[in-house]
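Notes follow once the structure below has been shown.
The values are calculated or read from the model by the stated rules, or taken from the named source; none is laboratory data. All values reported here derive from a predicted model rather than from experimental measurement. Every residue, glycine among them, receives a Cβ derived from its backbone with ideal geometry; neighbour counts consider all protein chains shown.
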Protein chains: 2
Amino acid sequence: MDQNCSYCQEGALLDAFGIKICELPMSKVILFKEQSHRGRVIVACKQHVDDITQLSEADRTAYLEDVNHVAEVLHRLYHPDKINFGAYGDTMHHLHFHLVPKYRDGFEWGGVFAMNPQQTFLEQDEYQQMIDEIRNAL
Amino acid sequence: MDQNCSYCQEGALLDAFGIKICELPMSKVILFKEQSHRGRVIVACKQHVDDITQLSEADRTAYLEDVNHVAEVLHRLYHPDKINFGAYGDTMHHLHFHLVPKYRDGFEWGGVFAMNPQQTFLEQDEYQQMIDEIRNAL
């Protein structure tokens with residue numbers, strides 16, 4: 001638990017870029033407000049660790065199963081042609097993966113995804129619809 | 001097994017960007033020739049699947065343990081300040097993670113990493129030294 005960490009504290013820190021959808025056994029699932037990639041979410045570990053090597057094997061497995069469960073739901077709801085998985089966070093220390101659905105010939109297809117392209121934001125009711133459909137599917 | 005897949009076929013397809021270090025129970029460990037990030041490797045699943053959702057739970061766990069084992073070795077050998085983990089591969093269909101050690105205030109610190117910055121390549125004996133030290137540590 002870190003006082004300056006978006007994923008530990010939530011509230012205004014998280015609100016800057018995401019909206020919490022729900023919790024899974026080992027993670028918090030967060031809708032990424034920037035939706036250039038429809039369905040982009042973050043799966044943040046419930047533990048404030050730097051990367052997967054700092055988890056016990058059991059916790060690591062549980063965290064991966066959460067990531068997998070969310071990815072399955074994104075495939076089912078949004079039918080991307082690929083999901084990218086990225087864990088960066090050089091300057092913070094809380095394990096989280098970006099799950100980024102990619103669509104053939106769409107935005108950033110064939111390359112890495114930007115940390116935050118700052119291009120596509122939705123209306124509150126559109127966010128809420130996505131949150132509801134993801135939460136219901138999990 | 002795919003005839004046009006670098007990770008299935010190895011040989012010239014793999015040689016274009018990497019050098020195989022060794023195999024682990026569920027993966028092939030590959031030194032990325034572009035070494036802007038010292039210690040950058042790829043951990044490719046032995047199975048030709050698109051992403052983690054296509055593996056059985058047991059295989060997924062085994063693959064993650066391989067990724068974790070390699071990450072532990074990178075921490076021990078190269079002491080990065082962070083390791084980034086990224087799975088992209090929009091236009092191919094073989095699950096693999098880039099493990100990218102980042103160093104404080106170094107190249108691409110604080111951001112995502114480029115797919116291939118094409119900047120830093122080593123001499124053959126330098127690659128061999130890294131291959132030996134990673135293989136010995138695994």
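Spot the failing condition for B:E34; the list is (1) within 22 Å of A:P101 (Cα to Cα); (2) of a type outside the set (A, V, I, L, M, F, W, C); (3) assigned to a loop (DSSP other than H, G, I, E, B), and only one is missed.
(1)
Listed here are the residues, each with its yes/no results for (1) hydrophobic (A, V, I, L, M, F, W, C); (2) out of contact with any Leu (no Cβ under 6 Å at 6 or more places or on another chain); (3) not in a strand (DSSP E or B).
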position: A:R76; (1), (2), (3): no, yes, yes
position: A:P80; (1), (2), (3): no, yes, yes
position: A:G86; (1), (2), (3): no, yes, no
position: A:D90; (1), (2), (3): no, yes, yes
position: A:F97; (1), (2), (3): yes, yes, no
position: A:G106; (1), (2), (3): no, yes, yes
position: A:M115; (1), (2), (3): yes, yes, yes
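I'm told B:I42 meets every condition in (1) part of a helix (DSSP H, G or I); (2) buried (at least 22 other Cβ atoms within 10 Å of the Cβ); (3) more than 8 Å from chain A (Cβ to nearest Cβ) except one. Can you identify the failing condition by its number?
Against the list (1) part of a helix (DSSP H, G or I); (2) buried (at least 22 other Cβ atoms within 10 Å of the Cβ); (3) more than 8 Å from chain A (Cβ to nearest Cβ), B:I42 comes up short only on (1).
Quick one: A:P101 ticks every box in (1) within 13 Å of the chain's Cα centre (by Cα); (2) at the interface with another protein chain (Cβ under 7 Å from one of its Cβ atoms); (3) under 26 Å from B:N116 (Cα atoms) except a single one, so which number is it?
Tallying (1) within 13 Å of the chain's Cα centre (by Cα); (2) at the interface with another protein chain (Cβ under 7 Å from one of its Cβ atoms); (3) under 26 Å from B:N116 (Cα atoms), A:P101 fails exactly one: (2).
Looking at B:Y78, B:Y88, can you tell me which residue is buried (at least 21 other Cβ atoms within 10 Å of the Cβ) and among the aromatic types (F, W, Y)?
B:Y88
A:E23 fails exactly one of the following numbered conditions: (1) surrounded by 17 or more Cβ atoms within 10 Å (Cβ to Cβ); (2) not in a loop (DSSP other than H, G, I, E, B). What is the number of that condition?
So A:E23 meets the others, but not (1).
Report yes if A:E65 is within 11 Å of chain B (Cβ to nearest Cβ), at pLDDT 95 or above and part of a helix (DSSP H, G or I), otherwise no.
In short, yes.
Within 9 Å of chain A (Cβ to nearest Cβ) and of a type outside the set (G, A, S), is that true of B:H79? Working first, answer last.
Numbers: within 9 Å of chain A (Cβ to nearest Cβ): no; of a type outside the set (G, A, S): yes.
When the stated conditions are applied, B:H79 does not pass them.
Of the residues in segment B:118-138, how many are surrounded by 13 or more Cβ atoms within 10 Å (Cβ to Cβ), out of contact with any strand residue (DSSP E or B) (no Cβ under 7 Å at 6 or more places or on another chain) and part of a loop (DSSP other than H, G, I, E, B)?
2
Out of the residues in segment A:50-62 that are facing chain B (nearest Cβ under 7 Å) and hydroxyl-bearing (S, T, Y), which is farthest from the chain's Cα centre (by Cα)?
A:T53
Between B:E34, B:E57, which is without any contact (Cβ under 8 Å) to a residue 12 or more places away in the chain, out of contact with any Leu (no Cβ under 6 Å at 6 or more places or on another chain) and not hydrophobic (A, V, I, L, M, F, W, C)?
B:E57
What number goes with the only condition from (1) over 24 Å from A:P117 (Cα atoms); (2) out of contact with any His (no Cβ under 8 Å at 6 or more places or on another chain); (3) within 14 Å of chain B (Cβ to nearest Cβ) that A:Q47 does not pass?
Of (1) over 24 Å from A:P117 (Cα atoms); (2) out of contact with any His (no Cβ under 8 Å at 6 or more places or on another chain); (3) within 14 Å of chain B (Cβ to nearest Cβ), only one is false for A:Q47: (3).
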